[in-house]
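Colleague: Sending over a structure as structure tokens; questions will come in a sec.
The values are calculated or read from the model by the stated rules, or taken from the named source; none is laboratory data. Nothing here was measured: the structure is a model prediction, and the numbers come from that model. Note that we place each Cβ from the backbone using ideal geometry, even for glycine, and neighbour counts take in every protein chain shown. These accessible areas exclude ligands, DNA and RNA; they are computed on the full protein's heavy atoms, side chains included. Shrake-Rupley method; radii C 1.70, N 1.55, O 1.52, S 1.80 Å.
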Amino acid sequence: MNPYQERARAVRRLVDEARRIEKTGVTTASLDKIGGLLSSLANRADLFPQDEFPLGPDGGIYRLSEDPDHRFALYASAGAPGKKVPPHNHTTWAIIAGVHGAERNVVYERLDNGAREGVVQLREAPTKEKTLKRGDVIAYLPDDFHHIETPAGSGNALHLHFYGLSLEHLPDRVSVDMATGAAKRFMAIPKILTPLLTVQQVKTMLKSGEVFAFFDVREEGEFSTQGHPLFATPLPLSRLEPRVLALLPDPHTRIVLMDSGEEGQLGRAGRAAARLSKLGYTNVAVVKDGLKAWRDAGYEIFTGVNVPSKAFGEVVEHGNDTPRIDAADVQKLLDSKADMVILDSRPLPEFTNMSIPGGVDCPGAELVYRVKDFAPSPDTLVIVNCAGRTRSIIGAQSLINAGLPNKVMALKNGTMGWHLAGLKVARGETKSFGPQGPEAAKFAQAAAANIAKKMNIKKIDKAGLAKLEAKEGPLYRLDVRDPAEYAQGHLKGFRHAAGGQLVQATDQYVGARNATIVLHDNDGVRATMTAHWLMQMGWNEVYVLSHKPVSTELTTEAEARYPKGFAVPTPKSVTAAELHTSLAATLVIDLDTSLRYRDGHVPGAWFAVRANLAKTIPEMLAQQKGTTRIVLISPDGEIAALAAAEAKAAAGGLPVAILAGGMQAWRDAKLALETGHVRMADPPTDVWYRPYDFKEDVEAAMRQYLDWEVDLVPQVERDGDATFSVLKAAGRSGGGH
């Protein structure tokens, strides 16, 4: 166990025990008991290295723990020699313990009875004064007053401050002017920081095999175009609440947050840390100076999205020389009526949007499971395609690894390559698979058994699953079947992650490096094929659940989207009809993606990114005169509801509401739409634009994207953090990358 894990565990123990003690009442005796626990923690100075808690101009208050209901908040407070905080109360119990340096606590007695508002009369109580050094502790009841200072010559100080309610939820605290007795609100908006890590420390963590989440909280488009570390997972601050639970189901796993590094300690990473803490996540740190520091250290910066998976696909092709075929040659085969089948390895919506004429939709994990239904004869040529390269390569190599006797080839560059060859793509196709036939089942079962033996894939039963569930750390339980099968019934606790998409975009499903993954399907074939790819990608703790559930074990309910105890706010709302009649006096802010905003939004609406509303709302109001209210819009109203409080804080007193039912309600009402990037409070860097999302220069974007994929292999080798190990197809020698 490393020091960060030790600290997180020790903090959790402290809070749990304090919660138990406090139930007996907030008394001097109960606080003394909690103080003893805090003293023991403070004596572990090795768990609180001062470089993680750097001094700012005003010292620094760092959040170590805060309950989701804002109770039992623990902070590390840093102070330079000479730092002095005026006399103040807390309005909740408070306990302080020394870790590094010294902190002088001057205690006061209150002389007045509180009858005069804004006046507090105090006098020092010298016998209660205490200078705290390592392990020393002092406790305060809610109405006690004290002031703290860092003595000159004592060195930089770091002390633990433990409160019965978080500092951000103590609005009635006052500080007192000793000369006049005047009392005023104290620290109305405290600047709470997050412990820091250097990029060198993060790099060491990536190489160590430690289980931790490495989240980049910038918008997805920034993440893609400005670049990121190879194994950083996108978790945009604007979409954090609905995404984080699926990415990290365990609230105690170490989280490392990164932003651009140009925003300071209260930038997006710091704000994300505060939000995560309030969602119940207990072990959060921020990368000091973010991406800027990563770049300055000379570490590799990767552009694009789903980079680990896409880089792995290129490594697979490189390692196996996966057979491929150009679009023009496929067209010749089609023209000659050759015995062939084209299997599109993407989900059905992507296939319907754009496909190869004559193709059939058969997403990645379904290929081995169903191929014999499409190619019963070993003489049939099987061509696998996707939009670009990765799923074509992985899909074709899946069939080869499975021992399919047919000739198998990947369509080089997928539908993009088809388009660039001047060939016409099909639109609106829905041809897909039906029920699995007996020959397909026979082949798939034999192939999966062979792969499982060759890869030494770990299979577990329900008892084995229970053992994994009882262990500490993040556990990802994923059902890799087709979406329709999952919807008809699945084991409770298993999220849906179609196997092909899980391999293609692992960072959309698994947010913790080196975590434990359990895969499930109906008969083990799709789970085994998915597991064999994840293991090659470097996921060592992958298990296949070998269990055929009875009907009573199945549920059709979707898995929880939010951490336990969190509820989406319910701000004031307006109907589509009400908004339509008052557009002229309303600042309408669309919080959907810039891509969907471009393709249709409420007339007059602005596009804005939720994370930037504090800055952009005043700017929008300055440009839109006559505004009497603000209405937020998102696809179904959810993100708008989450953003309402942030918007209200920036609205300058204007009322804020959300559109009930979101943009879908506006469309359902058949009200007019406006298109284009016409009022952009933020640039369209919120999401990654696929090459075919562009309105202009589509071919150039496609070529650039395909070149980018191919170039990932040498960049991954330079980076050095990947542990890819590619299974060689039959007849090839083993090896790794």
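Colleague: What ranking do 556-562, 575-581, 199-205 get when scored by the average of other Cβ atoms within 10 Å per residue, highest first?
Modeller: Working: 556-562: 12.1, 575-581: 15.7, 199-205: 18.3.
Averaged packing, sorted descending, gives the order 199-205, 575-581, 556-562.
Colleague: Determine ³J(HN,Hα), in whole Hz, for all residues of the stretch 638-654 in sequence, where each value follows from phi through the Karplus function 6.51 cos²θ - 1.76 cosθ + 1.60 and θ = phi - 60°; x replaces Gly and Pro.
Modeller: Ordered by residue, 3J(HN,Hα) equals 5, 4, 4, 5, 5, 8, 4, 5, 5, 5, 4, 5, 9, 8, x, x, 5 Hz.
Colleague: Distance check, please: which entries in LYS184/LYS615; LYS332/LYS695; LYS83/LYS191; LYS84/LYS191; LYS203/LYS292; LYS372/LYS412 exceed 21 angstrom between their Cα atoms?
Modeller: In this structure, LYS184/LYS615; LYS332/LYS695; LYS372/LYS412 exceed 21 Å between Cα atoms.
Colleague: Suppose R0 equals 22 Å; then what is the FRET efficiency for ASP461 and LYS207 from their Cβ-Cβ distance, rounded to the nearest 0.05?
Modeller: On the way: r = 34 Å, r/R0 = 1.56.
About 0.05, to the nearest 0.05.
Colleague: Hey, another quick one. Between GLY637 and residues 5 or more places away or on another chain, which pairs have amide H atoms under 5 Å apart, with H built 1.01 Å from N, and which residues are they?
Modeller: GLY662, MET663
Colleague: Residues of the chain: accessible area per residue at 1.4 Å, in Å²?
Modeller: Each residue of the chain exposes 41 Å² on average to a 1.4 Å probe.
Colleague: How far apart, in nm, are the 7 Å Cα→Cβ label points at ASP69 and THR581?
Modeller: 4.2 nm
Colleague: Suppose the chain between ARG123 and SER432 were pulled fully straight at 0.36 nm per residue; how much longer would it get relative to their current alpha carbon spacing?
Modeller: On the way: separation 309, 0.36 × 309 = 111.24 nm, distance 8.16 nm.
Extra length available between ARG123 and SER432 comes to 103.1 nm.
Colleague: Per DSSP H run of n ≥ 4, the term is -39500 (n - 2.57); total these for the chain, divide by its residue number, and report the mean residue ellipticity at 222 nm rounded to 500 deg cm²/dmol. Before the final figure, lay out the partial values.
Modeller: On the way: 25 runs with 249 residues, N = 737.
Calculated from helices alone, the mean residue ellipticity at 222 nm is -10000 deg cm²/dmol.
Colleague: For LYS615 and THR675, compute 0.36 nm times the residue count separating them, minus their Cα-Cα distance, and round to one decimal in nm.
Modeller: Values: separation 60, 0.36 × 60 = 21.60 nm, distance 2.45 nm.
Full-extension gain reported as 19.1 nm.
Colleague: Here's a follow-up. Applying the Karplus parametrisation 6.51 cos²θ - 1.76 cosθ + 1.60 with θ = phi - 60° to the phi angles of the stretch 140-147, what ³J(HN,Hα) value in whole Hz is obtained for each residue in order, glycine and proline being reported as x?
Modeller: 10, 7, x, 8, 6, 10, 7, 10
Colleague: Mind jotting down the distance between the C-alpha centroids of the stretch 151-176 and the stretch 621-699, whole Å?
Modeller: Cα centroid of the stretch 621-699 versus Cα centroid of the stretch 151-176: 40 Å apart.
Colleague: Then there's this: What shape does the stretch 143-193 take by its C-alpha gyration tensor, where a ≥ b ≥ c are the square roots of the eigenvalues and a/c under 1.5 counts as rounded, a/b above b/c as prolate, and the rest as oblate?
Modeller: Oblate shape, in that a/c is at least 1.5 and b/c is the bigger or equal ratio.
Colleague: Let me know the volume per residue of the alpha-carbon convex hull for the stretch 124-261, in Å³. Mind showing how you got there, number by number?
Modeller: On the way: hull volume 29.0 nm³, N = 138.
Taking only Cα atoms, the stretch 124-261 has a hull volume of 210 Å³ per residue.
Colleague: Continuing with the same structure: Report, please, the projected area of the stretch 526-615 averaged over directions, based on the convex hull of its C-alpha atoms, in nm².
Modeller: Taking the Cα atoms of the stretch 526-615, their convex hull projects to 12.3 nm² on average.
Colleague: What is the calculated FRET efficiency for THR628 to ASP172, with r their C-beta to C-beta distance and R₀ = 25 Å, to the nearest 0.05?
Modeller: 0.15
Colleague: LEU420 to LEU595: FRET efficiency via 1/(1 + (r/R0)^6), r the Cβ-Cβ distance, R0 25 Å, to the nearest 0.05?
Modeller: In this case the efficiency is close to 0.65.
Colleague: Running Debye on the stretch 329-379 with equal point scatterers at the Cα sites and no solvent, what base-10 log of I(q)/I(0) appears at q = 0.17, 0.21, 0.24 Å⁻¹?
Modeller: -0.56, -0.81, -0.98
Colleague: How many times 2.2 N^0.38 Å is the alpha carbon radius of gyration of the stretch 339-469?
Modeller: 1.15
Colleague: Here's another thing I want to ask about it. Between LEU554 and LYS453, what is the label-point separation in nm under the 7 Å Cα-to-beta-carbon projection?
Modeller: Each label point is offset 7 Å from its Cα along the Cβ direction, giving 3.1 nm.
Colleague: Normalising by the residue count of the chain, find the relative contact order in percent from Cα pairs under 8 Å and 6+ residues apart.
Modeller: RCO, the chain: 11 percent.
Colleague: Quick one: which residues, 5+ away or cross-chain, put their amide H under 5 Å from the amide H of LYS459? H built at 1.01 Å from N.
Modeller: VAL544
Colleague: For the chain, just run the numbers: alpha carbon Rg, then divide by 2.2 N^0.38 Å, N being how many residues it has.
Modeller: Details: Rg = 29.2 Å, N = 737, 2.2 N^0.38 = 27.0 Å.
Against the empirical 2.2 N^0.38 Å value, I get 1.08 for the chain.
Colleague: Could I ask something else about it? Arranged from highest to lowest average of other beta-carbon atoms within 10 Å per residue, in what order do the peptides 503-512, 124-133 appear?
Modeller: 503-512, 124-133
Colleague: Go through 157-170, 348-361, 428-441 and give me the packing order, highest mean Cβ count within 10 Å leading.
Modeller: Per-residue mean Cβ counts within 10 Å order the peptides as 157-170, 348-361, 428-441.
Colleague: Also, I was wondering about something else. Given C-alpha coordinates of the stretch 218-376, what is the ratio Rg to Rh with the Kirkwood estimate of Rh?
Modeller: 1.12
Colleague: Now for a separate question. Would you mind calculating the relative contact order of the stretch 602-737 from Cα pairs under 8 angstrom and at least 6 residues apart, reporting the percent as a whole number?
Modeller: 24 percent
Colleague: For ARG561 and ASP693, compute 0.36 nm times the residue count separating them, minus their Cα-Cα distance, and round to one decimal in nm.
Modeller: 44.7 nm
Colleague: Need one number: nm distance between label points at ARG116 and ALA729, each 7 Å from Cα along Cα→Cβ, rounded to one decimal.
Modeller: My value for the distance between the label points is 9.0 nm.
Colleague: What are the ³J(HN,Hα) couplings of the stretch 371-385, residue after residue, when phi is run through the Karplus curve with 6.51, -1.76, 1.60 and θ = phi - 60°? Round to Hz, x for glycine and proline.
Modeller: Rounded to whole hertz, the list is 4, 5, 6, 9, 9, x, 8, x, 8, 6, 6, 10, 10, 10, 9.
Colleague: With a Cα-only, solvent-free Debye model of the stretch 183-258, what are the log10 I(q)/I(0) values at q = 0.18, 0.24 Å⁻¹?
Modeller: Relative scattering, expressed as log10 I(q)/I(0), comes to -0.83, -1.25.
Colleague: Let me ask something additional. Could you tell me whether the stretch 35-108 comes out rounded, prolate or oblate from its Cα gyration tensor? Rule is a ≥ b ≥ c as square roots of the eigenvalues, rounded for a/c under 1.5, then prolate if a/b exceeds b/c, otherwise oblate.
Modeller: rounded
Colleague: Follow-up. Hey, got the Cα dimensions of the stretch 233-289 along the principal axes, in Å, largest first?
Modeller: Projected onto its principal axes, the Cα set of the stretch 233-289 covers 30, 20, 19 Å.
Colleague: May I pose another question? Using amide H atoms built in the peptide plane, which far-off residues or other-chain residues are under 5 Å from PHE145 H to H?
Modeller: Residues meeting the amide H criterion: TYR108.
Colleague: Inverting the mean 1/r over all pairs of different Cα atoms, compute the Kirkwood radius of the stretch 305-390 and quote it in Å.
Modeller: Details: mean 1/r = 0.0713 Å⁻¹.
For the stretch 305-390, the Kirkwood estimate is 14.0 Å.
Colleague: Still on this structure, please answer the following. What percentage of the solvent-accessible surface of the chain, computed with a 1.4 Å probe over protein heavy atoms, is contributed by carbon and sulfur atoms? Numbers along the way, then the final one.
Modeller: Details: 15670 of 30420 Å².
The value for the chain is 52 percent carbon and sulfur by accessible area.
Colleague: Tell me, what is a quarter of the convex hull surface for the C-alpha atoms of the stretch 616-722, in nm² with one decimal?
Modeller: With every direction weighted equally, the projected area is 10.9 nm².
Colleague: Cα atoms only: what Rg and Dmax, in Å, come out for the stretch 15-147?
Modeller: My reading of the Cα-based Rg and Dmax gives 15.5, 47 Å.
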